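A short write-up of the structure that comes next.
The values are calculated or read from the model by the stated rules, or taken from the named source; none is laboratory data. These numbers were taken from a predicted model, which means no experiment stands behind them. Neighbour counts run over all protein chains shown; Cβ positions are idealised from the backbone, glycine included. Surface areas here come from the heavy atoms of the whole protein model, side chains and all, with no ligands, DNA or RNA. Shrake-Rupley method; radii C 1.70, N 1.55, O 1.52, S 1.80 Å.
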Amino acid sequence: MLLGALEAGGTKMVLAVGNENGEILDRASIPTETPEITVPRIIEYFKDKNIEALGIGSFGPVDLDKASKAYGHITSTPKLAWVDYDIVGEIKKELQVPVGFDTDVNAAALGEATWGSIKGVPSGIYITVGTGVGVGVYMNGQLLHGMLHPEAGHVLLSRHPEDNFEGVCPYHPNCMEGLASGPSIEKRWNQKAIALADRKEVWELEAYYLAQGIVNYILTLSPHKIVLGGGVMHQEQLFPLIRSQVITLLNGYVKTARLADIDNYIVPASLNDNQGIMGCIQLAKMELQ
């Protein structure tokens, strides 16, 4: 079975063909430009691949309500050329195959739940910390959708008493994305994160903010496992700092065996940065079934 996968990011589009076992057989990457430029290139890639279905994990916000007239649209994105764009409709019209659709971070959560760290547990969340902060939620065997989809990268945080940084989110001055994303690190310290690896104070502050968000998720979603991915989380020194801060902030309120083994509760992404595209393969498989 050949399945198509499109991880539609704000900076680049990753296109792949895989099989039902999550194996990636072919892959390409193109820059995310306007829909008029980008979508024909996507269609050109897939049209001779003989795929039976396509899974799309897209930057958002997106409309996931199949009863909505705007289902399959990218909605209020800051990428203005893509506002209200019917990405599912336009691609499905050309390829004539079933199309599964979700957010890019939900797709990553699905990849981890199907083949990675969340496999075999009743619930888990995948947090990506990179150009933005996003959270995918997998609960009781399915991805979490509600009125919209989780936008938990924008939970509001308490500022560190010594941090006067204004944040980078245009909507919220003190949300997780505004204070802890890759661009926020770069703007606060005037260097890219990769150049700050030896600066202990950088990662202590980053862990302070990420741990606050994680505590909010523990208290509201009660996940059985938490997976952290994205470019910023390649700074592996963050993991012990985050785990320590989470325990401090919970202050003994939540007592479970999983938190007692926190090194195996808050863990790195496990699929070599392929969790998103593998999740898109699974979206295609689910839509076909």
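Points to keep in mind about this one:
- Applying a threshold of 26 Å to the alpha-carbon distances of K12/K92; K93/K119; K12/K285; K119/K200; K192/K255; K49/K285 flags K93/K119; K119/K200; K192/K255 as lying beyond it.
- Extended-chain gain in nm, criterion 0.36 nm per residue less alpha-carbon gap, S29 and A67: 10.5 nm
- The Cβ shell under 11 Å around E94 holds other residues with a net charge of +1, Lys and Arg each +1, Asp and Glu each -1.
- For region 256-285, backbone nitrogen atoms closer than 15 Å to the point 7 Å from V121 Cα along Cα-to-C-beta are found at 256-271.
- Pairwise Cα distances in region 1-141 exceed 18 Å for 56 percent of all pairs.
- Global geometry of region 160-243, whether rounded, prolate or oblate, following the gyration tensor of its Cα atoms and the 1.5 cut on a/c: oblate
- One entry in [x] 7, 29, 34, 22, 7, 1; [y] 6, 21, 25, 23, 15, 7, 3, 1, 0; [z] 6, 26, 32, 21, 10, 4, 1, 0 is P(r) over Cα pairs in 10 Å bins from 0, in percent calculated from the shown coordinates; its label is [x].
- From most to least packed by mean Cβ count within 10 Å, the peptides 159-172, 274-287 give 274-287, 159-172.
- Pairs of alpha carbons in region 93-137 separated by more than 13 Å make up 58% of all such pairs.
- Ligands, DNA and RNA left out, the accessible area of the chain computed with a 1.4 Å probe is 50% carbon and sulfur.
- Three-way shape label, region 62-119, alpha-carbon gyration tensor, a/c 1.5: prolate
- Choice from G252, G213, G57 with maximal GNM fluctuation in the chain (Cα, 10 Å cutoff): G252
- For region 1-152, accessible area per residue (1.4 Å probe, heavy atoms of protein chains only), Å²: 43
- With the gyration tensor restricted to C-alpha atoms of region 83-206, the semi-axes of the equivalent ellipsoid amount to 32, 18, 14 Å, longest first.
- Euclidean distance between Cα centres, region 1-77 to region 205-266, Å: 31
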